[in-house]
Amino acid sequence: MKKTLTLFLGLLTGVASAQQADSSMIRSIYNEALGNGKSYEWLRQLTKQVGPRLSGSAGAQKAVDWSRQVMEQQGFDRVFLQEVMVPHWVRGKKEEAYIHIGSQKRTVPIAALGGSVATAPKGIEAGIIEVKTFPELRALGADKVKGKIVFFNRPMDPTKINTFEAYGGAVDQRANGATEAAKLGAIGVIVRSMTNVRDDNPHTGGLRYGTGVALIPAAAISTNGADLLSKSLQENPNLTFYFRQNCETLADAKSYNVVGEIKGSEKPDEIIVVGGHLDSWDLAEGAHDDGAGCVQSIEVLRIMKTLGLKPKRTIRAVMFMNEENGLRGGVKYADLAKTNNEKHIAAVESDNGGFTPRGFGIVGTPQQREKVMPWKSLLAPYGLAEIGPGSGGADIGPLAQLGTVLFGFKPDSQRYFDYHHTPVDNFESISQRELEMGAASMAALVYLLDQHGL
């Protein structure tokens with residue numbers, strides 16, 4: 001009995017000692033990120049020196065070169081590129097749109113949706129039909145829709161506390177609206193921007209054309225523009241709407257994922273990925289979406305190296321290409337991992353903006369999630385209270401087929417859709433403090449994953 005009690009007390013002492021060591025290291029991680037962090041300066045370079053970087057563009061290639069150079073300068077054990085062919089869509093000349101009531105024209109801000117076809121060179125003008133849902137559209141039938149422009153005006157639900165949930169409840173009209181309208185003979189589509197903010201900034205984003213259906217031009221309209229158009233239609237149902245856009249899809253272009261790694265000292269064949277997507281929409285600098293996630297991921301490795309941490313497992317920072325309009329970088333990374341028989345035990349993605357950290361969503365088995373729960377007490381002092389089942393991230397999603405546990409970094413969501421896919425997603429919208437807190441949070445999680453596995 002005495003021997004059993006001694007063993008039990010020794011076990012408790014060992015657990016307490018390990019937790020104390022983890023707590024001390026996590027404090028050191030935050031001290032380094034907040035006292036000597038590089039992520040904010042790196043983001044300034046990426047946004048101001050590189051700028052917009054839509055897949056296939058010169059900006060995207062410049063971003064590849066920049067991120068490769070930054071990671072090489074940090075002295076990571078290996079920095080390498082993964083070639084991937086990506087879509088190459090270009091916006092062309094700035095779009096034009098106006099509401100036409102008799103002799104009066106009211107200009108409204110629009111932005112072509114990514115992947116959309118152009119209008120005719122002189123634009124298109126037609127009667128416009130407002131709907132909020134696909135069932136409402138279908139109920140009108142081809143007789144009422146044919147030859148018209150369809151206006152999808154379903155707002156994000158402002159009562160949702162998590163704005164990503166609100167986004168998910170509205171984004172189908174952007175993604176699939178053009179196909180649904182074309183099935184009934186519409187000649188164009190206008191979609192309310194995905195935000196609860198009332199302003200004049202149209203929010204772009206990708207659409208998907210269905211097979212066997214006419215390709216019709218589609219654009220997002222700002223929320224102020226959508227409100228004006230809806231009000232005008234109530235007062236003048238026979239008004240017409242004009243818009244012109246000059247976008248086109250070119251042949252696929254060669255691009256790259258950029259990968260930096262620190263080799264594991266004990267289990268180098270076990271890999272932990274931390275990453276963000278390097279591409280951004282063309283309207284702005286892509287600071288929140290997803291420059292923040294990229295520089296935070298590089299910062300995770302820099303912190304470990306600076307603190308003299310020699311990880312047990314191999315840690316990789318991956319700058320994924322083409323999340324916005326194709327996800328080819330994420331798919332390519334997972335395909336290569338499978339081909340090369342790499343064992344990825346965990347992947348962490350930051351693609352929800354550079355705001356105040358709240359926690360991590362976990363995609364894995366109940367047993368895997370349960371193993372993370374004891375870490376909550378270590379992370380709670382840093383505001384990371386929301387740790388549990390959730391989403392991982394688009395780029396790391398394909399790794400799930402390999403049995404990888406996915407972690408999605410969760411910053412506060414309230415302001416993200418003020419900037420998402422707009423002309424104002426610029427460096428000035430980022431708080432240095434919040435960005436650095438996020439990098440530290442990701443580094444703390446990666447540290448725990450490396451030390452304890454899953």
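The values are calculated or read from the model by the stated rules, or taken from the named source; none is laboratory data. Owing to the predicted nature of the structure, the values given are computational and were not obtained by experimental measurement. Reconstructed Cβ throughout: ideal geometry from the backbone, glycine too, with neighbour counts over all protein chains shown. Accessible surface is based on the protein model in full, side chains and every heavy atom, while ligands, DNA and RNA are left aside. Shrake-Rupley method; radii C 1.70, N 1.55, O 1.52, S 1.80 Å.
Just so you know, in the range 210-220 the residues that are touching a helix residue (DSSP H, G or I) at 6+ places or on another chain (Cβ under 6 Å) and in a loop (DSSP other than H, G, I, E, B) include one that is most open to solvent (accessible area, probe 1.4 Å), and it is ALA214. The sole residue among GLY206, GLY276, GLY260 that is modelled with pLDDT of 95 or more and within 26 Å of LYS93 (Cα to Cα) is GLY206. Of all residues being within 17 Å of ASP290 (Cβ to Cβ) and hydroxyl-bearing (Ser, Thr, Tyr) in the range 386-413, which is least open to solvent (accessible area, probe 1.4 Å)? Just the residue, please. Per the criteria, the residue is SER413. Number of residues in the range 114-139 that are among the acidic types (Asp, Glu) and crowded, with 17+ Cβ neighbours inside 10 Å equals 2.
Of the residues examined, VAL331 is not one that is within 28 Å of ILE161 (Cα to Cα) and in a helix (DSSP H, G or I). Among the conditions (1) closer than 20 Å to ALA337 by Cα; (2) open to solvent by less than 10 Å² (accessible area, probe 1.4 Å); (3) not β-branched (Val, Ile, Thr), the only one that GLY291 does not satisfy is (1). When you check VAL70 against the structure, is it farther than 19 Å from GLN173 by Cβ, open to solvent by less than 40 Å² (accessible area, probe 1.4 Å) and not in a strand (DSSP E or B), yes or no? In short, yes.
Residues in the range 39-55: is at least one in a loop (DSSP other than H, G, I, E, B), touching a Lys or Arg at 6+ places or on another chain (Cβ under 8 Å) and either modelled with pLDDT under 95 or open to solvent by 40 Å² or more (accessible area, probe 1.4 Å) (or both)? No; the residues of the range 39-55 include none that is in a loop (DSSP other than H, G, I, E, B), touching a Lys or Arg at 6+ places or on another chain (Cβ under 8 Å) and either modelled with pLDDT under 95 or open to solvent by 40 Å² or more (accessible area, probe 1.4 Å) (or both).
Could you tell me whether MET319 is in contact with a Cys (Cβ under 8 Å, 6 or more places away or on another chain) and either within 23 Å of ALA63 (Cα to Cα) or free of Cβ contacts under 8 Å to residues at least 60 places away in the same chain (or both)? Yes. Within the range 76-104, the residues that satisfy the criterion of being at pLDDT 95 or above, more than 26 Å from the chain's Cα centre (by Cα) and outside any loop (DSSP other than H, G, I, E, B) are GLU96, ALA97, TYR98, ILE99, HIS100.
To keep it simple, each residue is scored yes or no on (1) out of contact with any Leu (no Cβ under 8 Å at 6 or more places or on another chain); (2) of a type in the set (Phe, Trp, Tyr); (3) in a strand (DSSP E or B); (4) under 30 Å from ALA317 (Cβ atoms).
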| residue | (1), (2), (3), (4) |
| --- | --- |
| ALA226 | yes, no, no, no |
| LEU229 | yes, no, no, no |
| PHE243 | yes, yes, yes, no |
| SER255 | yes, no, yes, yes |
| ASP269 | yes, no, yes, yes |
| VAL273 | no, no, yes, yes |
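Among the criteria (1) under 23 Å from GLY35 (Cβ atoms); (2) under 14 Å from the mean Cα position of the chain (by Cα), the one MET442 does not fulfil is (2).
Cβ-Cβ distances below 7 Å connect the following pairs, each with a first residue in the range 354-377 that is within 28 Å of ILE430 (Cβ to Cβ), a second residue that is assigned to a loop (DSSP other than H, G, I, E, B) and acidic (Asp, Glu), and a separation of six or more residues or different chains: PHE355/ASP412; THR356/ASP412; ARG358/ASP412.
Please enumerate the residues belonging to the range 195-209 that are assigned to a loop (DSSP other than H, G, I, E, B), open to solvent by less than 40 Å² (accessible area, probe 1.4 Å) and closer than 11 Å to LEU113 by Cβ. Correct list: PRO202, HIS203, THR204, GLY205, LEU207.
Residue by residue through the range 388-413, note down the ones that are in contact with a helix residue (DSSP H, G or I) (Cβ under 8 Å, 6 or more places away or on another chain) and part of a strand (DSSP E or B). Across the range 388-413, the qualifying residues are GLY388, PRO389, VAL405, LEU406, PHE407, PHE409, PRO411. Of all residues in the range 223-264, exactly one satisfies the criterion of being over 30 Å from HIS344 (Cβ atoms), surrounded by 22 or more Cβ atoms within 10 Å (Cβ to Cβ) and in contact with a helix residue (DSSP H, G or I) (Cβ under 9 Å, 6 or more places away or on another chain), namely PHE241. Within the range 220-238, the set of residues being under 18 Å from ILE110 (Cα atoms) and of a type outside the set (Val, Ile, Thr) comprises ALA220, SER222, ASN224, GLY225, ALA226, ASP227, LEU228, LEU229, SER230, LYS231, SER232, LEU233.
Within the range 325-342, at least one residue is of a type in the set (Lys, Arg), closer than 20 Å to SER67 by Cα and open to solvent by 10 Å² or more (accessible area, probe 1.4 Å). Residues in the range 140-170 that are among the hydrophobic types (A, V, I, L, M, F, W, C), over 20 Å from PHE241 (Cα atoms) and open to solvent by 30 Å² or more (accessible area, probe 1.4 Å): ILE161, PHE164. Report yes if some residue within the range 219-237 is of a type in the set (A, V, I, L, M, F, W, C) and over 17 Å from ILE99 (Cα atoms); otherwise report no. Checked the range 219-237: no residue is of a type in the set (A, V, I, L, M, F, W, C) and over 17 Å from ILE99 (Cα atoms).
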